[in-house]
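Here the structure comes first, spelled out in structure tokens, and everything after it is commentary.
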Amino acid sequence: MPLNDERPSSTSSSEDQTSDGESSSECRESMATASDLESLRDSFNSDISSKHCTPSSSPPETLTLDEVMEAGRDLFNLKLSHDIVMNREFQPHPNLKAKNSIWNAVKENVQKAFWDTLQAELNDDPPEYKHAIKLLEEIREILLSFLNPGANRMRTQIMEVLDMDLINQQADNNAVDICGLASYVVTTMGKLCSPERDGDIKKLQELNTENIVTLFREILHVLDLMRADMVNFAIRSIRPVLQVIGAEYEREKFQNVLDKTPNALNITTSWIQAAIEELLSVRKPAELSNNPEKILQGLPGPSQIFNTAFLRLLTWDFSKSSVPETWVVDETQLEEIQRQLKQAVAVNTVLLIVFSTIGDRIQGLSVLSDRLKRMITVLLNGMHKPSVFFPLLSFKFKAEQKNVYFILFSIFRNFNLKETLEGTSVQICCELNKSLRERDFPALTPEQQATLTGQICSIGQKDNPVRTLVEDRVHQYFMGLLSDPRPEVKLQEAPAGLAAIQPELGVIGKAFITLVNYNRAVYAPFYMEIMKKLLFFSDPPATSLPQEPAQGSIPHD
């Protein structure tokens, strides 16, 4: 994927900024002196001085079909490059068939019709070779695509043996050796395939050549596998290069899309604006004065805005709003990170309730804590995957616990959060009583069990204090990761009260920071342009400040 040394021009963007700056000069003068404002603006410029691409966003008013198609190709190339760099296991798989897919059903019917027609033609007397010749021509092109540029001898041989003009002449005289041509194709495939396909080639050679239709179907199947092998080899070869230039390449492709597509950064702008407003909302009342110097000092810096915006992604409601355009290629990963984080928060919340309610009798029992954690994780996760966990639960239950199994079956079948938490409480009480009996402690009284069940069931309520506490500390943990230039050490640490899920937080945090760092490397110039326009070339931020600081905001540096 060669890159052009020329970079997109930022002339139009500069002109827009100049005109906007002139129109709001009076507002800026009321905020601070020109020199102070320029100094703060330099803090934004310094962060992008090392970038090779300055974003411009002056798209045409109308788009032609060719421009739309080109923008689509740029997005596809951007997504492909991103997947190759970020996912070491990424590789395309041939012939993936989705169950109950209309497209797959149509495809299978069309293919069946083709093979039936080919069989009927070859069974005619004399045989008809129209479809067979088209198939051979397609196979020839596939074989030629496997050759390296310097393989002239093999290319010449394939062209001579699979000479379509000669084969057509032979067909007119009923002298085509279809079986011989198929054998040559299989032999050539054996010379071009990777070692892992040797077994497939051997099976082709063992097929009965009298059933020519079956042979051709298997030939095309193995050719598909060989094409996938070639693509995967190319991906492995290009990955080291993309790891070096991937950020620049993706930035360039996104700039191409931005040049052609109107409003390509609307959601991203709103996302960053929300982060700025959140930071401004927690200012101290003393800072909400008309003093230009204090207003200037109160403006958030680039790092604060970055970290606050990235942290908001952990609580993003994917069902109600699209992710920022710069995060579209990572939306699936973000959803999975958020799901894992919610699961960890729920497990930690239940464990905190259990140990704070029962008290000294189970304190320090790491074996019990681990067993409860595994059990709670399975029970809560089973809300979304009942068919996976029923066998596990059934296998673990003893005869006297069968009633618990049927309760849980009913809970998971109906996907009711309240009933699921009640069922989880029942199982936790059973496990606690078992552990207490083993240590010669009295079992939980009905009142204690009722109290424990009530507290566990309450975590599904809005603003539950225990869950809110856990969420706040999780946010602090992730803000610490985002704020630290070397978060490797912090990944192994956890705030007080989160020790039970520290391993999970470390895994989730590493995945999140990896996404954030790469996203920032690619899109930082675009983010900086948006921040500068929001802070310096629009209405002064001070005019929208609240009279009192907001409560319950996410911590920030």
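The values are calculated or read from the model by the stated rules, or taken from the named source; none is laboratory data. A quick note: this is a predicted structure, and the numbers were derived from the prediction, not measured. Methodologically, a virtual Cβ is constructed for each residue, glycine included, from the backbone with ideal geometry; neighbour enumeration extends over all protein chains shown. Areas reflect the complete protein model, heavy atoms only, side chains present, ligands, DNA and RNA absent. Shrake-Rupley method; radii C 1.70, N 1.55, O 1.52, S 1.80 Å.
For the reader, a short list of remarks on this structure follows.
- Solvent-accessible surface of region 150-191, averaged per residue with a 1.4 angstrom probe and all protein chains in place: 57 square angstrom.
- For region 411-477, convex hull volume per residue from C-alpha positions, Å³: 122
- Neighbourhood charge, 14 Å Cβ-Cβ cut-off, centred on Asp317 and excluding it, Lys, Arg +1 and Asp, Glu -1: +2
- Over the C-alpha trace of region 113-205, radius of gyration and Dmax come out as 14.4, 44 angstrom.
- Highest average packing first - 251-257, 438-444, Cβ atoms within 10 Å: 251-257, 438-444
- Using the average count of surrounding beta-carbon atoms within 10 Å as a protection proxy, the listed peptides 470-483, 151-164, 104-117 rank, highest first, as 470-483, 151-164, 104-117.
- log10 of Debye I(q)/I(0), alpha-carbon scatterers only, for region 299-372 at 0.17, 0.18, 0.27 Å⁻¹: -0.77, -0.80, -1.24
- Among the listed pairs Lys373/Lys462; Lys253/Lys533; Lys434/Lys510; Lys130/Lys203, those beyond 32 Å (Cα-Cα): Lys434/Lys510
- Rolling a 1.4 Å probe over the protein heavy atoms of region 118-221, with every protein chain left in place, gives an accessible area that is 44 percent carbon and sulfur.
- Pairs with C-alpha atoms separated by more than 20 Å, drawn from the list Lys320/Lys342; Lys112/Lys191; Lys342/Lys418; Lys134/Lys191, are Lys112/Lys191; Lys134/Lys191.
- Counting all C-alpha pairs of region 211-256, share separated by more than 12 Å (%): 71
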